[in-house]
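Novice: This structure is in structure tokens; I'll ask about it shortly.
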Amino acid sequence: MDAAVRRALEITPASSARARTVDITTIGSKTGRPRRIEVWFYRVDDEIYLTTTPAHRAWYGNIVAHPEFTFHLKHGVRADLAAVGTRVRDEATRRRVFSAVIDDLNQPSNPAGLPQPVTPLEEWMSGSPLIHVTFPEG
């Protein structure tokens, strides 16, 4: 993985919404067809995660069914990265990651412009998808 790609993945709470925005191409869990959508990614303890506010998300089911997907960087640097997504089930890890994401979104310069405070942690724990992303060639 080259230096520009590494820098693009090293977002912090100070990063803009634009810097956090990527596309992912998953394989449909029911259709078997490629599905490309725009999502945000988060970096917690030097690891990359995909999540969202509590809701059902088709991309989550697609990654659970077909863990290999493409992570498309599109702002600042363009790259199509082979990725593997792993569903995070461990409660302690989920709590740690969701706490960091909520803290990030509740900061005064909230990059998403979401109403604050963001949905409580317990709602994220019970209703939000969480995928840990790795890059096999990175």
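Novice: Restricting the stretch 118-138 to residues that are over 22 Å from Phe69 (Cβ atoms) and among the aliphatic types (A, V, I, L, M), which is surrounded by the most Cβ atoms within 10 Å (Cβ to Cβ)?
Specialist: So, considering only residues that are over 22 Å from Phe69 (Cβ atoms) and among the aliphatic types (A, V, I, L, M), the one surrounded by the most Cβ atoms within 10 Å (Cβ to Cβ) is Val118.
Novice: Follow-up question, since we're still on this one. Kindly check whether there is at least one residue in the stretch 80-93 that is closer than 25 Å to Glu122 by Cα, aliphatic (A, V, I, L, M) and surrounded by 12 or more Cβ atoms within 10 Å (Cβ to Cβ).
Specialist: yes
Novice: Moving to a separate point now. Can you tell me which residue within the stretch 31-58, out of those that are free of Cβ contacts under 8 Å to residues at least 40 places away in the same chain and closer than 24 Å to Asp103 by Cβ, is farthest from the chain's Cα centre (by Cα)?
Specialist: Among them, the one singled out is Asp46.
Novice: Can you say whether Phe69 is assigned to a helix (DSSP H, G or I), of a type in the set (Phe, Trp, Tyr) and either farther than 18 Å from Pro136 by Cα or touching a residue at least 24 places away in the same chain (Cβ under 8 Å) (or both), as far as the supplied structure shows?
Specialist: No: the conditions fail for Phe69.
Novice: Separate question: Determine, yes or no, whether Ala8 is touching a residue at least 40 places away in the same chain (Cβ under 8 Å) and in a loop (DSSP other than H, G, I, E, B).
Specialist: The answer is no for Ala8.
Novice: Within the stretch 76-103, can you find the residues that are under 16 Å from Arg36 (Cα atoms) and either small (Gly, Ala, Ser) or assigned to a loop (DSSP other than H, G, I, E, B) (or both)?
Specialist: Of everything in the stretch 76-103, those that are under 16 Å from Arg36 (Cα atoms) and either small (Gly, Ala, Ser) or assigned to a loop (DSSP other than H, G, I, E, B) (or both) turn out to be Arg78, Ala79, Ala82, Ala83, Gly85.
Novice: Same structure, new question: How many residues does the stretch 10-28 hold that are modelled with pLDDT of 95 or more and of a type outside the set (Asp, Glu)?
Specialist: Number of matching residues: 6.
Novice: Do you know which residues across the stretch 16-63 are part of a strand (DSSP E or B), closer than 15 Å to Ile131 by Cβ and of a type in the set (Ser, Thr, Tyr)?
Specialist: Thr25, Thr26, Tyr42, Tyr49, Thr51
The values are calculated or read from the model by the stated rules, or taken from the named source; none is laboratory data. All values reported here derive from a predicted model rather than from experimental measurement. Here Cβ is always computed from backbone atoms with ideal geometry, including for glycine, and neighbour counts include all displayed protein chains.
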